[in-house]
Amino acid sequence: MKPPASAVPPAASADLASLGALPSDGPAAFARKTLVIAELEVRKLRHDVTELLTRAVQPALWLLVFGEVFTRAHAIPTGDLPYRDFMAPGILAQSVLFISIFYGIAVIWERDLGLIHKLLVSPTPRAALVLGKGLSAGVRAISQALVVYLLALALGVRLNWNPLALLGVVAAIMLGAACFSTLSLVIACVVKTRERFMGIGQLLTMPLFFASNALYPTEMMPGWLRVLAHANPLTYQVDALRTLMLVGSPSALHLGLDFAVLGATTAVLVIVAGVLYPTLVR
(Lines give C-alpha, C1' and ligand atoms only; values in the text may rest on other atoms or scores of the structure.)
Protein backbone atom coordinates (compact mmCIF):
# COMPACT_ATOMS: atom_id res chain seq x y z
CA MET A 1 0.00 0.00 0.00
CA LYS A 2 1.31 3.43 -0.90
CA PRO A 3 1.73 5.91 1.94
CA PRO A 4 -0.35 9.09 1.80
CA ALA A 5 1.11 12.24 0.25
CA SER A 6 1.65 13.62 3.76
CA ALA A 7 4.42 11.02 4.13
CA VAL A 8 6.59 13.15 1.85
CA PRO A 9 9.07 15.15 3.97
CA PRO A 10 8.22 18.89 4.04
CA ALA A 11 11.78 19.85 3.05
CA ALA A 12 11.59 17.61 0.00
CA SER A 13 8.21 19.09 -0.94
CA ALA A 14 9.69 22.59 -0.75
CA ASP A 15 12.59 21.58 -2.98
CA LEU A 16 10.24 20.03 -5.52
CA ALA A 17 8.06 23.12 -5.47
CA SER A 18 11.11 25.27 -6.22
CA LEU A 19 11.53 23.45 -9.52
CA GLY A 20 8.35 25.07 -10.77
CA ALA A 21 9.77 28.52 -10.06
CA LEU A 22 12.69 27.98 -12.47
CA PRO A 23 12.40 29.00 -16.14
CA SER A 24 11.20 26.15 -18.33
CA ASP A 25 12.80 27.02 -21.67
CA GLY A 26 16.31 26.74 -23.04
CA PRO A 27 19.50 24.81 -22.23
CA ALA A 28 20.30 27.04 -19.23
CA ALA A 29 16.96 26.21 -17.61
CA PHE A 30 17.50 22.51 -18.34
CA ALA A 31 20.94 22.67 -16.69
CA ARG A 32 19.58 24.48 -13.62
CA LYS A 33 16.80 21.96 -13.12
CA THR A 34 19.23 19.08 -13.58
CA LEU A 35 21.49 20.55 -10.88
CA VAL A 36 18.53 21.07 -8.53
CA ILE A 37 17.66 17.38 -8.82
CA ALA A 38 21.32 16.40 -8.31
CA GLU A 39 21.61 18.65 -5.25
CA LEU A 40 18.41 17.21 -3.80
CA GLU A 41 19.80 13.68 -4.18
CA VAL A 42 23.26 14.51 -2.80
CA ARG A 43 21.70 16.15 0.26
CA LYS A 44 20.42 12.73 1.31
CA LEU A 45 24.01 11.75 2.13
CA ARG A 46 23.88 13.96 5.22
CA HIS A 47 21.33 11.59 6.72
CA ASP A 48 23.31 8.40 6.02
CA VAL A 49 27.05 9.07 6.04
CA THR A 50 27.63 5.49 7.18
CA GLU A 51 26.66 4.34 3.67
CA LEU A 52 29.89 5.83 2.32
CA LEU A 53 31.93 4.13 5.04
CA THR A 54 30.41 0.69 4.52
CA ARG A 55 30.89 0.93 0.75
CA ALA A 56 34.60 1.58 1.33
CA VAL A 57 35.05 -1.94 2.75
CA GLN A 58 34.70 -3.73 -0.59
CA PRO A 59 37.43 -1.88 -2.55
CA ALA A 60 39.70 -2.20 0.48
CA LEU A 61 39.26 -5.99 0.50
CA TRP A 62 39.87 -6.29 -3.25
CA LEU A 63 43.04 -4.19 -3.16
CA LEU A 64 44.50 -5.47 0.10
CA VAL A 65 43.70 -9.17 -0.35
CA PHE A 66 43.10 -10.04 -3.99
CA GLY A 67 45.53 -7.45 -5.33
CA GLU A 68 48.40 -8.33 -3.01
CA VAL A 69 48.05 -12.08 -3.59
CA PHE A 70 48.00 -11.81 -7.39
CA THR A 71 50.84 -9.29 -7.39
CA ARG A 72 53.02 -11.90 -5.65
CA ALA A 73 51.76 -14.75 -7.84
CA HIS A 74 52.60 -12.98 -11.14
CA ALA A 75 49.72 -14.97 -12.63
CA ILE A 76 48.32 -12.22 -14.84
CA PRO A 77 50.59 -10.57 -17.45
CA THR A 78 50.31 -6.78 -17.15
CA GLY A 79 53.49 -5.72 -18.94
CA ASP A 80 55.60 -3.18 -17.08
CA LEU A 81 52.82 -2.43 -14.57
CA PRO A 82 52.76 -4.27 -11.23
CA TYR A 83 49.46 -6.05 -10.86
CA ARG A 84 48.34 -3.89 -7.91
CA ASP A 85 48.83 -0.81 -10.14
CA PHE A 86 46.93 -2.43 -12.98
CA MET A 87 44.11 -3.46 -10.65
CA ALA A 88 43.57 -0.18 -8.75
CA PRO A 89 41.65 1.64 -11.55
CA GLY A 90 39.58 -1.50 -12.13
CA ILE A 91 38.54 -1.59 -8.48
CA LEU A 92 37.61 2.09 -8.62
CA ALA A 93 35.45 1.37 -11.68
CA GLN A 94 33.92 -1.57 -9.81
CA SER A 95 33.00 0.71 -6.92
CA VAL A 96 31.37 3.16 -9.33
CA LEU A 97 29.42 0.31 -10.92
CA PHE A 98 28.21 -1.14 -7.62
CA ILE A 99 27.09 2.27 -6.33
CA SER A 100 25.28 3.14 -9.55
CA ILE A 101 23.64 -0.10 -10.63
CA PHE A 102 21.34 -0.21 -7.58
CA TYR A 103 20.32 3.44 -7.89
CA GLY A 104 17.01 2.45 -9.43
CA ILE A 105 15.77 0.93 -6.19
CA ALA A 106 15.74 4.42 -4.64
CA VAL A 107 13.41 5.54 -7.44
CA ILE A 108 11.00 2.72 -6.61
CA TRP A 109 11.06 3.86 -2.97
CA GLU A 110 10.36 7.42 -4.09
CA ARG A 111 7.38 6.22 -6.08
CA ASP A 112 6.00 4.45 -3.01
CA LEU A 113 6.46 7.67 -0.98
CA GLY A 114 4.67 9.77 -3.58
CA LEU A 115 7.72 11.81 -4.62
CA ILE A 116 7.67 10.62 -8.22
CA HIS A 117 4.12 11.92 -8.65
CA LYS A 118 5.22 15.36 -7.48
CA LEU A 119 8.20 15.36 -9.82
CA LEU A 120 6.12 14.34 -12.82
CA VAL A 121 3.59 17.15 -12.37
CA SER A 122 6.38 19.74 -12.17
CA PRO A 123 7.51 21.44 -15.41
CA THR A 124 10.91 19.74 -15.13
CA PRO A 125 11.91 17.83 -18.29
CA ARG A 126 12.01 14.07 -17.76
CA ALA A 127 15.59 13.98 -19.07
CA ALA A 128 16.61 16.52 -16.41
CA LEU A 129 15.11 14.32 -13.70
CA VAL A 130 17.10 11.35 -14.95
CA LEU A 131 20.36 13.20 -15.60
CA GLY A 132 20.21 14.90 -12.19
CA LYS A 133 20.05 11.52 -10.50
CA GLY A 134 22.95 10.35 -12.65
CA LEU A 135 25.09 13.30 -11.57
CA SER A 136 24.31 12.63 -7.92
CA ALA A 137 25.47 9.03 -8.37
CA GLY A 138 28.74 10.49 -9.66
CA VAL A 139 29.15 12.58 -6.50
CA ARG A 140 28.69 9.48 -4.38
CA ALA A 141 31.21 7.61 -6.53
CA ILE A 142 33.84 10.33 -6.10
CA SER A 143 33.87 9.55 -2.37
CA GLN A 144 34.94 6.01 -3.32
CA ALA A 145 37.70 7.45 -5.49
CA LEU A 146 39.17 9.10 -2.40
CA VAL A 147 39.20 5.74 -0.63
CA VAL A 148 40.83 3.95 -3.57
CA TYR A 149 43.42 6.70 -4.00
CA LEU A 150 44.36 6.54 -0.30
CA LEU A 151 44.67 2.74 -0.40
CA ALA A 152 46.64 2.84 -3.65
CA LEU A 153 48.99 5.44 -2.20
CA ALA A 154 49.56 3.30 0.89
CA LEU A 155 50.31 0.27 -1.31
CA GLY A 156 52.87 2.15 -3.38
CA VAL A 157 50.86 2.41 -6.60
CA ARG A 158 52.48 4.92 -8.98
CA LEU A 159 49.68 7.45 -9.25
CA ASN A 160 49.59 10.33 -11.69
CA TRP A 161 49.06 13.59 -9.77
CA ASN A 162 48.90 15.84 -12.81
CA PRO A 163 45.92 18.22 -12.24
CA LEU A 164 44.58 17.60 -15.76
CA ALA A 165 44.79 13.84 -15.21
CA LEU A 166 42.91 14.20 -11.91
CA LEU A 167 40.19 16.22 -13.66
CA GLY A 168 40.01 13.48 -16.28
CA VAL A 169 39.56 10.87 -13.53
CA VAL A 170 36.68 12.89 -12.06
CA ALA A 171 35.09 13.18 -15.52
CA ALA A 172 35.43 9.43 -16.14
CA ILE A 173 33.87 8.68 -12.73
CA MET A 174 30.97 11.06 -13.32
CA LEU A 175 30.29 9.68 -16.81
CA GLY A 176 30.52 6.06 -15.68
CA ALA A 177 28.25 6.67 -12.70
CA ALA A 178 25.73 8.52 -14.86
CA CYS A 179 25.80 5.70 -17.41
CA PHE A 180 25.19 2.85 -14.97
CA SER A 181 22.76 4.72 -12.72
CA THR A 182 20.68 5.63 -15.78
CA LEU A 183 20.75 1.98 -16.87
CA SER A 184 19.53 1.20 -13.36
CA LEU A 185 16.65 3.68 -13.77
CA VAL A 186 15.66 2.05 -17.06
CA ILE A 187 15.52 -1.34 -15.34
CA ALA A 188 13.49 0.12 -12.46
CA CYS A 189 10.97 1.59 -14.91
CA VAL A 190 10.57 -1.80 -16.57
CA VAL A 191 10.34 -4.10 -13.53
CA LYS A 192 8.64 -1.59 -11.12
CA THR A 193 9.14 -3.68 -7.95
CA ARG A 194 12.03 -3.78 -5.49
CA GLU A 195 12.16 -7.58 -5.42
CA ARG A 196 12.51 -7.95 -9.19
CA PHE A 197 14.93 -5.06 -9.37
CA MET A 198 17.27 -6.56 -6.73
CA GLY A 199 17.36 -9.85 -8.63
CA ILE A 200 18.19 -8.22 -11.96
CA GLY A 201 20.71 -5.83 -10.38
CA GLN A 202 22.60 -8.71 -8.79
CA LEU A 203 22.42 -10.61 -12.07
CA LEU A 204 24.03 -7.74 -13.98
CA THR A 205 26.84 -6.61 -11.69
CA MET A 206 29.12 -9.63 -11.84
CA PRO A 207 28.90 -10.19 -15.63
CA LEU A 208 29.56 -6.49 -16.25
CA PHE A 209 32.55 -6.58 -13.91
CA PHE A 210 34.15 -9.84 -15.03
CA ALA A 211 33.43 -9.23 -18.75
CA SER A 212 35.64 -6.15 -18.65
CA ASN A 213 39.32 -5.31 -18.36
CA ALA A 214 39.06 -4.45 -14.66
CA LEU A 215 41.02 -7.49 -13.41
CA TYR A 216 42.86 -8.71 -16.51
CA PRO A 217 43.75 -7.45 -19.98
CA THR A 218 41.26 -8.21 -22.74
CA GLU A 219 44.09 -9.92 -24.66
CA MET A 220 43.85 -12.83 -22.19
CA MET A 221 40.17 -13.43 -22.95
CA PRO A 222 38.76 -15.96 -25.39
CA GLY A 223 37.38 -14.42 -28.57
CA TRP A 224 33.70 -14.48 -27.57
CA LEU A 225 34.42 -12.85 -24.21
CA ARG A 226 36.60 -10.20 -25.87
CA VAL A 227 33.64 -9.24 -28.07
CA LEU A 228 31.45 -8.84 -24.97
CA ALA A 229 34.17 -6.83 -23.23
CA HIS A 230 34.36 -4.36 -26.12
CA ALA A 231 30.57 -3.96 -25.97
CA ASN A 232 30.71 -3.32 -22.21
CA PRO A 233 30.81 0.37 -21.17
CA LEU A 234 32.75 -0.59 -18.03
CA THR A 235 35.71 -1.60 -20.22
CA TYR A 236 35.97 1.95 -21.56
CA GLN A 237 35.67 3.48 -18.10
CA VAL A 238 38.42 1.22 -16.77
CA ASP A 239 40.66 2.07 -19.73
CA ALA A 240 40.14 5.80 -19.17
CA LEU A 241 40.82 5.51 -15.44
CA ARG A 242 43.88 3.33 -15.96
CA THR A 243 45.32 5.79 -18.49
CA LEU A 244 44.68 8.84 -16.30
CA MET A 245 45.36 7.42 -12.82
CA LEU A 246 48.69 5.69 -13.39
CA VAL A 247 52.15 6.82 -14.42
CA GLY A 248 53.33 5.16 -17.64
CA SER A 249 50.05 3.45 -18.56
CA PRO A 250 49.12 4.19 -22.19
CA SER A 251 45.51 3.65 -23.25
CA ALA A 252 44.85 0.16 -24.58
CA LEU A 253 41.92 1.53 -26.61
CA HIS A 254 42.05 5.31 -27.00
CA LEU A 255 41.21 7.94 -24.41
CA GLY A 256 39.00 9.86 -26.82
CA LEU A 257 37.13 6.66 -27.71
CA ASP A 258 36.66 5.86 -24.00
CA PHE A 259 34.94 9.18 -23.32
CA ALA A 260 32.98 9.06 -26.58
CA VAL A 261 31.53 5.61 -25.79
CA LEU A 262 30.67 6.56 -22.20
CA GLY A 263 29.11 9.86 -23.29
CA ALA A 264 27.10 8.36 -26.15
CA THR A 265 25.88 5.44 -24.04
CA THR A 266 24.83 7.80 -21.24
CA ALA A 267 23.01 10.10 -23.68
CA VAL A 268 21.04 7.20 -25.18
CA LEU A 269 20.16 5.82 -21.73
CA VAL A 270 19.06 9.27 -20.49
CA ILE A 271 16.67 9.55 -23.44
CA VAL A 272 15.30 6.03 -22.90
CA ALA A 273 14.94 6.54 -19.13
CA GLY A 274 13.27 9.92 -19.71
CA VAL A 275 10.67 8.27 -21.93
CA LEU A 276 10.08 5.41 -19.47
CA TYR A 277 10.13 7.51 -16.28
CA PRO A 278 6.38 8.31 -16.25
CA THR A 279 5.55 4.58 -16.53
CA LEU A 280 6.73 4.10 -12.93
CA VAL A 281 3.42 5.45 -11.66
CA ARG A 282 1.15 3.59 -14.07
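The values are calculated or read from the model by the stated rules, or taken from the named source; none is laboratory data. These numbers come from a predicted model, not from an experiment. So basically every Cβ, Gly included, is an ideal-geometry build from the backbone, and we count neighbours across all protein chains shown.
Of the residues examined, Thr182 is one that is buried (at least 23 other Cβ atoms within 10 Å of the Cβ) and out of contact with any Asp or Glu (no Cβ under 7 Å at 6 or more places or on another chain). Selection over region 240-275 of residues that are closer than 20 Å to Leu204 by Cα and surrounded by 15 or more Cβ atoms within 10 Å (Cβ to Cβ) gives a count of 8. Inside region 256-282, residues that are free of Cβ contacts under 8 Å to residues at least 60 places away in the same chain and under 21 Å from the mean Cα position of the chain (by Cα) make up a count of 7.
Could you say whether any residue in region 107-122 is surrounded by 23 or more Cβ atoms within 10 Å (Cβ to Cβ), of a type in the set (Ser, Thr, Tyr), modelled with pLDDT under 85 and closer than 30 Å to Arg282 by Cα? Within region 107-122 (the criterion being surrounded by 23 or more Cβ atoms within 10 Å (Cβ to Cβ), of a type in the set (Ser, Thr, Tyr), modelled with pLDDT under 85 and closer than 30 Å to Arg282 by Cα), the answer is no, since none of the residues qualifies. Apart from one condition, Pro163 fits all of (1) free of Cβ contacts under 8 Å to residues at least 60 places away in the same chain; (2) within 21 Å of the chain's Cα centre (by Cα); the exception is (2).
Test Val148 against the criterion of being of a type in the set (A, V, I, L, M, F, W, C) and buried (at least 18 other Cβ atoms within 10 Å of the Cβ), and give yes or no. So Val148 passes the test. Of the candidates Ala252, Ala229, Ala273, Ala267, the single residue that is over 30 Å from Ile116 (Cα atoms), modelled with pLDDT under 95 and in a helix (DSSP H, G or I) is Ala229.
Against the list (1) more than 20 Å from the chain's Cα centre (by Cα); (2) under 13 Å from Phe98 (Cα atoms), the condition Ala154 fails is (2). For beta carbons closer than 6 Å, sequence separation of 6+ or different chains, a first residue in region 176-199 that is charged (D, E, K, R) and a second that is surrounded by 19 or more Cβ atoms within 10 Å (Cβ to Cβ), the qualifying pairs are Arg194/Ile108.
When Thr205 is tested against (1) outside any helix (DSSP H, G or I); (2) touching a residue at least 24 places away in the same chain (Cβ under 8 Å); (3) polar (S, T, N, Q), just one condition goes unmet, and that condition is (1). Checked against (1) assigned to a helix (DSSP H, G or I); (2) in contact with a helix residue (DSSP H, G or I) (Cβ under 7 Å, 6 or more places away or on another chain); (3) under 19 Å from Glu39 (Cβ atoms), Thr124 passes all but condition (1). Pairing residues of region 131-153 that are over 15 Å from Gly90 (Cα atoms) with residues that are of a type in the set (D, E, K, R), at Cβ distances under 6 Å and at least 6 apart in sequence or on separate chains, gives Lys133/Glu41; Ser136/Glu41. Which members of region 60-78 meet the condition of being part of a loop (DSSP other than H, G, I, E, B) and in contact (Cβ under 8 Å) with a residue 12 or more places away in the chain? Once the filter is applied, which keeps residues that are part of a loop (DSSP other than H, G, I, E, B) and in contact (Cβ under 8 Å) with a residue 12 or more places away in the chain, region 60-78 yields Ile76, Pro77, Thr78.
The set of residues in region 79-108 that are of a type outside the set (Asp, Glu), more than 17 Å from the chain's Cα centre (by Cα) and in a helix (DSSP H, G or I) comprises Tyr83, Arg84, Phe86, Met87, Ile108.
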